[in-house]
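Read through the structure below, which is laid out as structure tokens, and then see the notes.
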Amino acid sequence: MKEKKSIRILFVESSQSNVESAGKILQKEFPGLSILKTKAKEEFVDSLEKFKPDVIISDYKLMDFSGIEALKLTINHSPRTPFIFLTAPMDEKTAVECMKAGAFHYLTQNEIASLPVIVKEACESVSMKEAIDIAKQELFSNEEKYRLFFENNNNNYLIVDPLNLTIKDANQAVCNYYKYSRK
């Protein structure tokens, strides 16, 4: 059986009962769940930096500021952190606005049972992006090593297109041998 990961969730919510009901549902999927609730703008930014949440779950309408403002602050301060709206049922226009603004997902309170699946997908998405970044860094590093090996080698090396047999690149040794410029 796969071990369930412990995660940190920051709730941006005015209602303590909404946080508690979501927390109970999430606790089943994430036993070591850490939850922090915030409802004020300054408190939210401070929580982003100190709590370092894996996921943010926010209501759309808040007392001190809006969910969209919280999303924009998240994008500025912690762009990799998935942001999920969990709010009272609203019109489709609002849901589209949230998604266009950069939210990972938009759920209504009526859909709260699917919250663990959405949180799991959000965490997996972050892991996937991190793996892609690592692969890109390795690829860049390997390409740089190859480029240095190719360019600085004393042996003559050409890169030839096998379809039309044209020279695509040549190292400096070839240029010196034939007295041609790289162009």
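Computed from phi, the 3J(HN,Hα) profile of the range 165-176 under the Karplus parametrisation 6.51, -1.76, 1.60 (θ = phi - 60°) reads 6, 9, 7, 8, 7, 9, 8, 5, 4, 5, 4, 5 Hz, with x in place of Gly and Pro.
At a Cα cut-off below 22 Å, give the lysines reachable from Lys100, other chains included and same-chain residues fewer than 8 away excluded. Excluding near neighbours in sequence, the set is Lys41, Lys61, Lys72, Lys120, Lys129. Per atom type, the range 28-133 shows carbon and sulfur on 55% of its accessible surface, probed at 1.4 Å. Here's how it looks for Ile57: its modeled amide H is under 5 Å from those of Leu10, Phe11, Val12, Ile84, which are all 5 or more places away or on a different chain. Over the chain, accessible surface divided per residue gives 64 Å², non-protein components excluded, 1.4 Å probe. Name the residue, out of Tyr106, Tyr60, Tyr146, whose mean-square fluctuation peaks in a Gaussian network model built on the chain with Cα pairs under 10 Å. Maximum fluctuation in the GNM of the chain, among the listed residues, is at Tyr146. Against the chain, whose longest principal axis comes from its Cα atoms, helix 16-29 is set at around 50 degrees. Can you give me the angle between helix 41-51 and the longest principal axis of the chain, using Cα atoms only, in degrees from 0 to 90, rounded to the nearest 10? The two axes meet at around 60 degrees.
Within the listed set Thr166, Thr74, Thr94, the Gaussian network model of the chain (springs between alpha-carbon atoms below 10 Å) gives the highest mean-square fluctuation for Thr166. Expressed as a whole percent, how much of the Cα-Cα distance distribution for the chain exceeds 27 Å? Every Cα pair in the chain considered, those over 27 Å come to 45 percent. Over the chain, DSSP H runs of length four or greater, each weighted -39,500 (n - 2.57), average out per residue to a 222 nm ellipticity of -16500 deg cm²/dmol. Within the listed set Phe44, Phe83, Phe150, the residue fluctuating most in the Gaussian network model of the chain (springs between alpha-carbon atoms under 10 angstrom) is Phe150. Each listed q (0.15, 0.17, 0.21 Å⁻¹) maps to a log10 I(q)/I(0) for the range 48-155 from the Debye sum over equal C-alpha point scatterers, namely -0.69, -0.82, -1.12. With every protein chain in place and a 1.4 angstrom probe, the accessible-area ranking of Met99, Met128, Met63, Met90, largest first, reads Met63, Met128, Met99, Met90.
The values are calculated or read from the model by the stated rules, or taken from the named source; none is laboratory data. A quick note: this is a predicted structure, and the numbers were derived from the prediction, not measured. Accessible surface is based on the protein model in full, side chains and every heavy atom, while ligands, DNA and RNA are left aside. Shrake-Rupley method; radii C 1.70, N 1.55, O 1.52, S 1.80 Å.
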